[in-house]
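What follows is a single structure, written as structure tokens, with notes after it.
The values are calculated or read from the model by the stated rules, or taken from the named source; none is laboratory data. Everything quoted here is computed from the prediction, not taken from an experiment. We place every Cβ from the backbone using ideal geometry, glycine too, and count neighbours over all the protein chains shown. Surface areas here come from the heavy atoms of the whole protein model, side chains and all, with no ligands, DNA or RNA. Shrake-Rupley method; radii C 1.70, N 1.55, O 1.52, S 1.80 Å.
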Amino acid sequence: MDVLALEAKGAGTSETNEKKAAPRPKPKSQKKTKRTVYFEVEILDLKTKEKLLLLDKVEPTATILDIKALFHKSYPKWYPARQSLRLDPKAKCLRDEDVLQSLPVGTTAIFHFTDLGPQVTWGTVFLTECAGPLIIYLMFYFRLPFIYSPKYDFTSSKQWVVHLACICHSLHYIKRILETLFIHRISHGTMPLRNIFKNCGYYWCSAAWMAYYINHPLYTPPYYGQQQVNIGLYIFAFCQLGNLSIHIALRNLKNQGSKNKKIPYPSKNPFTWIFWLVSCPNYTYEVGSWIGFTVLTQCVPVAFFTLVAFIQMTVWAKGKHRSYLKECRDYPTLRSSILPFIL
């Protein structure tokens, strides 16, 4: 009896161990569903504070451009490029690429709307700015009627430097037109239509002022003659090639439609080596071109235009230089804005 009892007990213990050793199936974990928090967007008129639109259940990943598109559906006359949205009436305009959930707002976002007025593309502005001086200068060069004395109508100047100046001026603006069409990648979409009159007025009037004196029947050649003209021509040609090289380098650096800034560095092209010292060498070469044209023509209006252009391009260069320093942590500290070690 004892032996049989021990055997039965051993068998029971074995079965119990097998049951303990058998792995128990783990309970299935319930997947937590992510809950999307939608935003409520309210758009007010900046001046009157009138509520223009209330958007319900806006995706948190929606961009300002998406909100502008929704606003455009309710107000067709205000297309996205014409709209300006701000979080505060005194704040800066929000960028189209800003994401709603990254803005300092709660689930209810209030935007202040401003109508920017009719817009025109920057490409159109550039082409208009360049085509005008090209045509206006040629009108003075060919001495169309009502410009000079009638006896000089449709005559050509006796000064050979006048013909050379016309070639340089025309090539400069033809180059700019071709760059606008085939090289430049414009990150800014549009600008107010009213600005085109201001921009074109400056370029067109400056071209007319220069052309009037350079092509005038009483125009006298530079004081130092051929030597001065050659120096001015060499400076002009060198800087034009440099400006073109920089524009090509910047185009290769930027992807189509991208607004992200990348640090430009010198390449195998010697004209790009100036990138070691200057943030905006395209402006450096542009100013150099007009300095060369001033030396070539020895004309006061050209010198005045060069000075004003230098001041304006210095402002632009400083703005871009600050932007590079702000957005690029490893930006070279040796670089200046437009003039190496000076400015």
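Residues checked against (1) closer than 19 Å to residue 164 by Cβ; (2) surrounded by fewer than 18 Cβ atoms within 10 Å (Cβ to Cβ):
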| position | (1), (2) |
| --- | --- |
| 214 | yes, no |
| 217 | yes, yes |
| 228 | yes, yes |
| 237 | yes, yes |
| 242 | no, no |
| 245 | no, no |
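Can residue 197 be described as open to solvent by 60 Å² or more (accessible area, probe 1.4 Å), outside any loop (DSSP other than H, G, I, E, B) and out of contact with any helix residue (DSSP H, G or I) (no Cβ under 7 Å at 6 or more places or on another chain)? It is true that residue 197 is open to solvent by 60 Å² or more (accessible area, probe 1.4 Å), outside any loop (DSSP other than H, G, I, E, B) and out of contact with any helix residue (DSSP H, G or I) (no Cβ under 7 Å at 6 or more places or on another chain).
Only one of the numbered conditions (1) crowded, with 17+ Cβ neighbours inside 10 Å; (2) under 22 Å from residue 231 (Cα atoms) is not met by residue 163, and that is (1). Selection over the range 313-339 of residues that are assigned to a loop (DSSP other than H, G, I, E, B), open to solvent by 20 Å² or more (accessible area, probe 1.4 Å) and at pLDDT 95 or above gives a count of 1. Residues in the range 270-303 that are free of Cβ contacts under 8 Å to residues at least 24 places away in the same chain and either open to solvent by 30 Å² or more (accessible area, probe 1.4 Å) or not in a helix (DSSP H, G or I) (or both): 3 in all.
Scanning the range 167-184 for residues that are among the charged types (D, E, K, R) and over 13 Å from residue 125 (Cα atoms), we see that the one that is least open to solvent (accessible area, probe 1.4 Å) is 179. So for the range 262-269 (the condition being open to solvent by 40 Å² or more (accessible area, probe 1.4 Å), at pLDDT 95 or above and aromatic (Phe, Trp, Tyr)), does at least one residue qualify? So far as the range 262-269 goes, no, none of its residues is open to solvent by 40 Å² or more (accessible area, probe 1.4 Å), at pLDDT 95 or above and aromatic (Phe, Trp, Tyr).
Filter the range 131-154 down to residues that are in contact (Cβ under 8 Å) with a residue 40 or more places away in the chain and not in a helix (DSSP H, G or I), then give me how many there are. Let's see the steps before the verdict.
Filtering the range 131-154 for residues in contact (Cβ under 8 Å) with a residue 40 or more places away in the chain gives 131-134, 136-137, 139-141, 143, 147-149, 152.
From what's left, not in a helix (DSSP H, G or I): 143, 147-149.
So the count comes out to 4.
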